[in-house]
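Q: One structure is given below, represented as structure tokens, and several questions about it will come after.
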Amino acid sequence: MSQVRIEKDSMGQMEVPADVLYGASTQRAVLNFPVSGRTMPMEIIRAYAMLKRACARVNAAQGDLDEKRAGLIEAACEKILEGLPEHGGLERHFPIDVYQTGSGTSTNMNVNEVVANLVCLELGAPIGSSKDPEYLARGGVHPNNHVNMGQSSNDTFPTAMHLACGLAIVHDLDPALARLEHALASLATRFDDIVKIGRTHLQDATPIRLGQEFSGFASQITHARDRLQRALTQLGELPIGGTAVGTGLNTRKGFGTRVAHELEAQTGLALREADNHFEAQHAKDAIVETAGILRTIAVSLSKIAGDIRLMGCGPRCGIGELKIPPVQPGSSIMPGKVNPVICESMVMVCCRVIGNDQATTVAGLGGVGGLLDLAVAMPVMGDAVLESIRILAGASRMFVDRLLHDLQADAERCQSLIEGSLAMVTSLVPVIGYDLSAKIAYQAFDEGKTVRELLLASDIQTLDGKPLTKEMIDELLDPRSMTHPKE
């Protein structure tokens, strides 16, 4: 058997590997863009299959595509959604590098060709027959005329990108953040009786409950999930129906709305045709905004991971308020050393997400990726945003399973640090005044004593001239009473 077959496109003949489902246009892109070895995310390929299926249904309903061809296209799209297990999986048939034509035309044609060749096999014709006039006369499917009917790369690629990102948020990232939110809220409850010293500017501050700190972490994730809902609203506006430049040339009025309704029924996402196709296709602000929301979530997660890492530093010569679970040896030279590797992994993920936001922002800039009537850096935007969603979800699951699940507090350590803190004098200010409280703090530091020890050994009067008794001192220096306003 020959290892290649000869296919044709508008530029002429092309040798294509004999057993792949793509055609000449895809092979040209493979040869043109040997850049990174990083192929288009399979999330976008699957979103494209959903989109092509929906377009075939709408084209048939509008009388532009016969029912038989529409059914064949739908069946081929469903095989792509199943992963093409009979053909060796998706990846080998969608080999184009991310760093390709900025409109995603190469990927759109890749999908069109794979769908058309799957139909060839279904009809008993050889792969590559999709442009043969005799085959087409018998009811075959052409990649451009039928699979791409009423569409352009310029409206299908951003639509597939929106769809892929929305599905990834709903099915991957939001559930992972929900687990993380629950785990942090549970620790906030479990740690609520543990009072520790607060720290501002990395210096001792007034007491705070460990549970209060964790409630703040949980609230950050609650807000993160709210932000994701705003992203989903923006991603739900689809460019489909605008074709080449937003005017809707070669399609019918209402096509985009009907496709959006089909996709909504398939996915459960809230989808709608873009209000203004010229905005939706000439710019990619919705993707830029989504990247910014993911960056904000990364900033939150980095803060949480950094704080837990710092509170757990030690175990004997640092803060040591948290006992970070040991998950692997920490050093090749220092026996017994255990490092906060889960926190470090999370922080690195956040660094990548912040970088992906920067890449997406630059790709959306006017004069760079946003040029006149088309956004021309869409593949890198889709890849960056989908990677951010993917790794934020994975890191969030890791953080729950490998860190928070077994995270413990050292209550004795927390108590001992509170007792030695000079910031305990803060509760004295309403009773003995700021100046005297400050003097006591400096004296306690100079003499190496606790605030309590110094007060008990001193003859101090309150602002109204009464002696400061031991009972008053114990009440004023009760750490838990300092963790909430007075009733």
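Q: Taking Cα atoms, how many degrees apart are the long axis of helix 378-402 and the longest axis of the chain, rounded to 10 and kept between 0 and 90?
A: Helix 378-402 sits roughly 40 degrees off the main axis of the chain.
Q: Each label point is 7 Å from the Cα along the Cα-to-Cβ direction; what then is the distance between the points at Glu86 and Cys317, in nm?
A: 6.6
Q: Roughly speaking, what is the stretch gain from Leu310 to Asp64, that is 0.36 nm per residue apart minus the C-alpha to C-alpha distance, in nm to one decimal?
A: 82.2 nm
Q: Taking amide H positions as placed 1.01 Å from N in the peptide plane, with prolines and chain starts having none, which residues 5 or more places from Gln408, or on another chain, fall under 5 Å of its amide H?
A: Residues meeting the amide H criterion: Lys323.
Q: If R0 is 30 Å, what FRET efficiency do you get for Glu487 and His405 from their C-beta distance, rounded to 0.05?
A: 0.25
Q: Sticking with this structure for a sec: With only Lys, Arg, Asp and Glu charged, each at its Cβ (+1 for the first two, -1 for the last two), find how big the charge dipole of the chain is about the Cα centre; round to the nearest 20 debye.
A: 460
Q: How large is ³J(HN,Hα), in whole Hz, for each residue of the stretch 238-254 in order, when computed from phi with the Karplus curve 6.51 cos²θ - 1.76 cosθ + 1.60 and θ = phi - 60°, using x for Gly and Pro?
A: Each residue of the stretch 238-254 in turn: 9, x, 4, x, x, 6, 5, 10, x, 7, x, 4, 6, 9, 9, 4, x Hz.
Q: Ok, one more. How about the stretch 30-97: which trypsin sites (Lys or Arg not before Pro) there lie in a loop by DSSP and see at most 12 other Cβ atoms within 10 Å?
A: Qualifying residues, ordered by number: Arg38.
Q: Please give the FRET efficiency for Thr222 paired with Val429, using the beta carbon to beta carbon distance and R0 = 45 Å, rounded to the nearest 0.05.
A: 0.85
Q: For Leu372, put the label point 7 Å out on the Cα→Cβ axis and report which residues of the stretch 255-288 keep their amide N under 17 Å from it.
A: Answer for the stretch 255-288: 278-279, 281-283.
Q: Based on DSSP H runs of at least 4 residues, each adding -39500 (n - 2.57), what is the mean residue ellipticity at 222 nm of the chain after dividing by all its residues, to the nearest 500 deg cm²/dmol?
A: -17500 deg cm²/dmol
Q: Taking 0.36 nm per residue of sequence separation and subtracting the Cα-Cα distance, how much length would be gained by fully extending the chain between Ser458 and Val362, in nm to one decimal?
A: Stretched out fully, the Ser458 to Val362 stretch lengthens by 28.1 nm.
Q: Taking the Cα centre of the stretch 208-304 as the origin and placing charges on Cβ (Lys, Arg +1; Asp, Glu -1), which of Thr233, Ala283, Val299 is farthest toward the positive end of the dipole?
A: Val299
Q: Moving on. Quick one: of Lys196/Lys337; Lys303/Lys323; Lys131/Lys284; Lys8/Lys284; Lys253/Lys284, which pairs are farther than 29 Å apart, Cα to Cα?
A: With Cα atoms farther than 29 Å apart: Lys131/Lys284; Lys8/Lys284.
Q: Given R₀ = 56 Å, what would the calculated FRET efficiency be for Gln203 paired with Leu249, taking r from the Cβ atoms and rounding to 0.05?
A: The computed FRET efficiency comes out at 0.30.
Q: On a 0 to 90° scale, report how tilted helix 255-267 is relative to the longest principal axis of the chain, with both axes built from alpha carbons and the result rounded to the nearest 10.
A: In the chain, helix 255-267 runs at an angle near 60 degrees to the longest axis.
Q: Okay, moving on. Would you grab the residues whose amide H sits under 5 Å from the one on Ala205? Only those 5+ places off in sequence or on another chain, please, with H modelled 1.01 Å from N.
A: Placed amide hydrogens put Gly198, Arg199, Thr200 under 5 Å from Ala205.
Q: Treating only the Cβ atoms of Lys and Arg (+1) and Asp and Glu (-1) as charged, compute the dipole magnitude of the stretch 153-411 about its Cα centre; round to the nearest 20 debye.
A: 540
Q: Checking the cross-link filter: which aspartates and glutamates have an alpha carbon closer than 17 Å to that of Lys449, excluding same-chain neighbours under 8 positions apart?
A: Cross-link targets: Asp204, Glu419, Asp459, Asp474.
Q: Separation between the Met334 and Glu122 pseudo-spin-labels, each 7 Å from Cα along Cα→Cβ, expressed in nm?
A: With each label placed 7 Å out from Cα toward Cβ, I get 6.2 nm.
Q: Follow-up. Under the rule of at least 5 residues apart or a separate chain, name every residue whose amide H is placed under 5 Å from the amide H of Tyr99.
A: Ser36
Q: So how tilted is helix 153-168 from the main axis of the chain? Cα-based, degrees 0 to 90, rounded to 10.
A: Tilt relative to the chain: about 40 degrees.
Q: Right, something else. Near Lys68, which aspartates and glutamates are there with a Cα under 16 Å away, not counting those fewer than 8 places off in the same chain?
A: In chain and number order, the partners are Glu78, Glu122.
Q: Work out the charge dipole of the stretch 381-455 with +1 on the Cβ of Lys and Arg and -1 on the Cβ of Asp and Glu about the Cα centre, then indicate which of Leu407, Leu386, Tyr442 is farthest towards its positive end.
A: Leu386
Q: Oh, and also: For the chain, build the charge dipole from Cβ charges (+1 Lys, Arg; -1 Asp, Glu) around the Cα centre, then report which of Leu202, Leu163, Gly140 sits farthest towards its positive end.
A: Positive-end residue among those listed: Gly140.
Q: If you put +1 on each Lys and Arg Cβ and -1 on each Asp and Glu Cβ, how big is the dipole of the stretch 280-365 around its Cα centre, in Debye rounded to 20?
A: That gives a dipole near 300 debye.
Q: May I pose another question? Quickly work out the Tyr442-to-Ala75 label distance, labels modelled 7 Å from Cα along the C-beta direction, and quote it in nm with one decimal.
A: With each label point 7 Å from Cα toward Cβ, the separation is 8.9 nm.
Every number in this text was worked out from the coordinates using simple rules, so none of it is lab data. Keep in mind the model is a prediction, meaning the values are calculated, not measured. A quick note on method: Cβ atoms are made from the backbone with ideal geometry, for glycine too, and the neighbour counts reach across all protein chains shown.
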